[in-house]
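Before any comments, here is the structure.
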Amino acid sequence: MSASNNINITLKVWRQKNAQSKGQLESYDLKNVSTDSSFLEMLDQLNEELINEGKSPVTFDHDCREGICGACSLYINGRPHGPGNRVTTCQLHMRSFKDGETIYVEPWRAAAFPVIKDLMTDRSSFDRIQHAGGYVSVNTSGNTQDANALPIEKENADKAFDAATCIGCGACVAACKNASASLFVAAKVSQYALLPQGQVEAKDRVLNMVKQAQKEGFGPCSNTGACEVECPKGISLENIARMNREYLAASLSK
Amino acid sequence: MSLDSKIPEGPLKDKWTNHKNNIRLVNPANKRNIDIIVVGTGLAGGSAAATLAELGYNVKAFCYQDSPRRAHSIAAQGGINAAKNYQGDGDSTYRLFYDTIKGGDYRSREANVYRLAEVSANIIDQCVAQGVPFARDYGGLLDNRSFGGVLVSRTFYAKGQTGQQLLLGAYSAMNRQIAKGKIQMYNRHEMLDVVLVDGKARGIIARNLVTGEIERHSAHAVVLGSGGYGNVFFLSTNAMGSNVTASWKAHKKGAYFANPCYTQIHPTCIPVHGTQQSKLTLMSESLRNDGRIWVPKKLEDAQAVREGKLKPVDIKEEDRDYYLERRYPSFGNLVPRDVASRAAKERCDAGFGVVNNDTKEGVFLDFSSAILRYGKEEANVKGIENPSDEKIKELGKKVIENKYGNLFEMYQQITDENPYETPMKIYPAVHYTMGGIWVDYNLMTTVPGLYATGECNFSDHGANRLGASALMQGLADGYFVLPYTIGDYLADDIRTGPIPTDSKEFEEAENKVTDELNKLINNNGSKSVDYFHKKLGLIMWNKVGMARNEKGLKEAIQEIAELREEFYKDVRVPGELNELNQELEKAGRVADFLELGELFARDALEREESCGGHFREEFQTEEGEALRKDDSYTYVAAWEYTGKPSEAVLHKEDLKFENVELKTRSYK
């Protein structure tokens, strides 16, 4: 471990009682934060203090705390998942901040991700996009063909994997000035487009998933590429290009 | 009640086939009239929900997360075992069965484990058909790697994110059924009780975690896939929300809890950094394919490393103790997890730990030899003659990056050290619980109509689970076992009709849940939930952890009971019942851990032998290896709840080994 030390910080945290009420930033001073703590461990420390003072602790989504479940979702100092690239909030460590620094913590901002409470948002719109086509229609049977019956070119298998590593956190939407879900949709469309198993339903899939994203209130692609920069899993913009090709081809032939 | 494991008659290899041929089926039209509740949406629950819906049942699925995709199966890294023998290295269903029985230290059921090995190959076929992007070689075929405790390569993987890819596969299968309306999904809901009507599981009480509302849900059968209870230790590799509540409530309603003391302490996790630590992060076992574990040979070197005066790379080869290679030459760094963990503890207890934390606990996991080996191979492949050391390292690092890139990134993110340049520091941490709800061969608990799948049951791993077998078991249970065995039970329910939720049984269960939550909310204590959880975790880790003894276990039982009393007197839960209240969620879970912890320690005290992950200091060989007592302890300890953990009644299911001979496990 690197040499750790303790810092004092000021937090400006978005507090909002529920979806209906208006929220505001509240200020908290927090002392003796270990630079080896993760950002969420720092918030645990804040909550412990708030509880001991008889105040209401800050609500935020989190679960695995190892960067893979996609639950954590904080907008820190104006960036989804805060400073640093390719990290989720739970993997962000306090060594990224300076002693005396003021840190702004807000929820994802997007019409399709309404705030539930404080820093927690409702991302069920992402699930509904997946319901619209994020699957291969194959029943569980135990008698599908042998897994090695159909070789898949390594390059395509690797690219499909890269696309499939999306954790569904929503940083791409939070980063986009149009609150577009293009990178999220494109990741799933690409994964299947690159694999033979995905071909049969490819056209319906891309059309239905894109349509659902629009219906949920996500905006059109802004073409700025902010999503790729902020994506904690480094999902490439190439996937959006692939989705657009798939979409165009599907719309022309359907 | 006597325990009937319902293992089918006949030769081992025919049991499952015969059983499937003989159990009753429900016709497709009748399935439409039958409701099934599935609690948990990880690999076991998610795959069960999807498959049951495909078969035609009406499924109601529950998860506490905001989406089924976030269940903690997602964090499994290394891989999934299957007896495909794609590498032609002598693997077979029998070998996977044998390795699993042996790895579990002869404390699991032969018939269950054989079935697991038998369906393992189907899992890979099914996942590939779903579009799960497993790693492939240049010929386009699936790649394999090796895991601890075995001598073949049967582990399928997707970089260090195999659990994620398999879970997203199950999630996609669920999505297809959600879209059809065959699965009704309840996100952000937590099961707080199971409801029994006429002695059968007929529904659950759940709390809507957004509104705080207590809800009644009915069904003809209830399936738990709610995961393990490693968080009883507070610090573990489990997700923050992983809990025992669903299992524990089932236990209190009559489901026996089996072998609670069987816990897996995973050897390769990032060491604890300090008191604010909230969880521990695993570094996949797959790293032991290429990483070598060592500590300095000299105490003064270990001290100098801890003090930052000596860099590990400056310690000469002859001054390093590759203790796993030394003690276990045939399996080397790939010994099973329990063995590797104890060996690390032994070195650190002797003062050779390399991490500068309170307990000086940590050992090195070193990739420098692998980087050189791969670098030379790559140079040959690329036809580079007389490559420089720099070039070899560069090429070798690329190979390592391809195999484990995301793990190395994660390590650097957490520790601020670059594992390509300096060895990783690792230490064992609580990872998985082999114990769980007792189930018969059909995965039914001792409560009729209540089933348990995946990590929350006890069934397949005995006293120690082999790496890459958790994913295998979760998906085997959910895709290929439960959906068929449950039909045999539901065949009696084709004329039952919908189960009403206005019965007195539902009302009583709901009232009890509400009362318990109100008690927590209105407690007006002075200490936070985490305060108690951390205290419980320390008792568990120090006295019921990697090494246990009679004195410590007796103390733990006493201390946990006292802590539980203090919890109910002094816990402070802010907020209201009827709102989103994360502290209340935690309080309910910790209340259950405080009961489970005591039973856990009792079970460990009762089992006067060492086996797998359960190591009693009184029972070890001269060389410090686990010493089993087969004459007295070849049984499953299934505990019946009778009002208090201290009064739980022990039932024994004798384990019969007809196909393998019980031997002392040796990896030397």
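What to note about this one:
- Checklist (1) touching a residue at least 60 places away in the same chain (Cβ under 8 Å); (2) within 14 Å of another protein chain (Cβ to nearest Cβ) applied to B:I23, failing item: (2)
- Any hit, the stretch B:119-127, residues being in a helix (DSSP H, G or I) and without any contact (Cβ under 8 Å) to a residue 12 or more places away in the chain: yes
- Between B:S278, B:S247, B:S286, the distinction of being touching a residue at least 24 places away in the same chain (Cβ under 8 Å) and surrounded by fewer than 23 Cβ atoms within 10 Å (Cβ to Cβ) belongs to B:S278 only.
- Considering each residue of the stretch A:41-56 in turn, none proves to be touching a Cys at 6+ places or on another chain (Cβ under 8 Å) and surrounded by 20 or more Cβ atoms within 10 Å (Cβ to Cβ).
- If you filter the stretch B:162-189 down to residues that are more than 10 Å from chain A (Cβ to nearest Cβ) and in a helix (DSSP H, G or I), you find that the one that is surrounded by the most Cβ atoms within 10 Å (Cβ to Cβ) is B:L166.
- Filter result (over 26 Å from B:Q65 (Cα atoms) and of a type in the set (D, E, K, R)) within the stretch A:52-107: A:E53, A:R95, A:K98, A:D99, A:E101
- Checking B:L52, B:L25, B:L43 one by one, the residue that is within 21 Å of B:T496 (Cβ to Cβ) and touching a Leu at 6+ places or on another chain (Cβ under 9 Å) is B:L52 and no other.
- A search for C-beta distances below 9 Å between a residue of the stretch A:132-156 that is at positive phi and any residue that is polar (S, T, N, Q) and assigned to a helix (DSSP H, G or I), counting only pairs 6+ apart in sequence or on different chains, returns A:G133/A:N208; A:G133/A:Q212; A:G133/B:N175; A:G142/B:N122; A:G142/B:Q126.
A quick yes/no check of all residues on (1) touching a helix residue (DSSP H, G or I) at 6+ places or on another chain (Cβ under 9 Å); (2) at pLDDT 95 or above; (3) within 25 Å of A:L195 (Cβ to Cβ):
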| position | (1), (2), (3) |
| --- | --- |
| A:P107 | yes, yes, no |
| A:A112 | yes, yes, no |
| A:V115 | no, yes, no |
| A:I129 | yes, yes, yes |
| A:G133 | yes, yes, yes |
| A:V138 | yes, yes, yes |
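- If you check A:C72, A:C64 for being at the interface with another protein chain (Cβ under 8 Å from one of its Cβ atoms), under 20 Å from B:K279 (Cβ atoms) and outside any helix (DSSP H, G or I), only one passes: A:C64.
- In the set (1) outside any loop (DSSP other than H, G, I, E, B); (2) surrounded by fewer than 24 Cβ atoms within 10 Å (Cβ to Cβ); (3) away from chain A (no Cβ under 12 Å); (4) of a type in the set (D, E, K, R), the condition left unmet by B:E409 is number (3).
- Scope the stretch A:22-60; condition at the interface with chain B (Cβ under 7 Å from one of its Cβ atoms), assigned to a helix (DSSP H, G or I) and acidic (D, E); matching residues: A:E41, A:D44, A:E48
- Hey, B:Y404 in contact (Cβ under 8 Å) with a residue 60 or more places away in the chain, in a strand (DSSP E or B) and crowded, with 24+ Cβ neighbours inside 10 Å or not: no
Each row is one residue, and each column tells you yes or no for (1) crowded, with 24+ Cβ neighbours inside 10 Å; (2) away from chain A (no Cβ under 14 Å); (3) modelled with pLDDT of 95 or more.
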| position | (1), (2), (3) |
| --- | --- |
| B:N85 | no, no, yes |
| B:L96 | yes, yes, yes |
| B:E110 | no, yes, yes |
| B:L116 | yes, no, yes |
| B:V128 | yes, no, yes |
| B:Y138 | no, no, no |
| B:V150 | yes, yes, no |
| B:G199 | no, yes, yes |
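- Boolean, B:R115 is touching a residue at least 40 places away in the same chain (Cβ under 8 Å), touching a Gly at 6+ places or on another chain (Cβ under 6 Å) and of a type in the set (K, R): no
- Restricting the stretch B:628-659 to residues that are in a helix (DSSP H, G or I) and touching a residue at least 24 places away in the same chain (Cβ under 8 Å), the residue that is farthest from B:Q558 (Cα to Cα) is B:D630.
- Filtering the stretch B:575-621 to residues that are surrounded by 20 or more Cβ atoms within 10 Å (Cβ to Cβ), within 14 Å of chain A (Cβ to nearest Cβ) and part of a loop (DSSP other than H, G, I, E, B) leaves B:L580, B:N581.
- Spans of helices (runs of 4 or more DSSP H) in the stretch A:144-197 with at least 3 residues under 30 Å from A:I76 (Cβ atoms) and within 12 Å of chain B (Cβ to nearest Cβ): A:154-164, A:182-193
- Among the residues of the stretch B:429-457, the ones that are over 15 Å from B:G478 (Cα atoms), outside any strand (DSSP E or B) and within 17 Å of the chain's Cα centre (by Cα) come to 3 in all.
- Pick from the stretch A:130-143, criterion among the small types (G, A, S) and either more than 7 Å from chain B (Cβ to nearest Cβ) or over 17 Å from B:I124 (Cα atoms) (or both), ranking: surrounded by the most Cβ atoms within 10 Å (Cβ to Cβ): A:G133
- Filter result for A:K177 (surrounded by fewer than 22 Cβ atoms within 10 Å (Cβ to Cβ) and modelled with pLDDT under 95): no
- When B:S330 is tested against (1) away from chain A (no Cβ under 14 Å); (2) modelled with pLDDT of 95 or more; (3) not in a helix (DSSP H, G or I), only condition (2) is not met.
- Residue that is surrounded by the most Cβ atoms within 10 Å (Cβ to Cβ) [pool: residues in the stretch A:111-129 that are in contact (Cβ under 8 Å) with a residue 12 or more places away in the chain and polar (S, T, N, Q)]: A:T121
- Residue within the stretch B:379-390 that is surrounded by 15 or more Cβ atoms within 10 Å (Cβ to Cβ), of a type in the set (K, R) and more than 14 Å from chain A (Cβ to nearest Cβ) present: no
- Condition check for B:L594: in contact with a Phe, Trp or Tyr (Cβ under 7 Å, 6 or more places away or on another chain) and modelled with pLDDT of 95 or more: yes
The values are calculated or read from the model by the stated rules, or taken from the named source; none is laboratory data. Every value quoted in this text rests on a predicted model; they were computed, and no experiment measured them. Here Cβ is always computed from backbone atoms with ideal geometry, including for glycine, and neighbour counts include all displayed protein chains.
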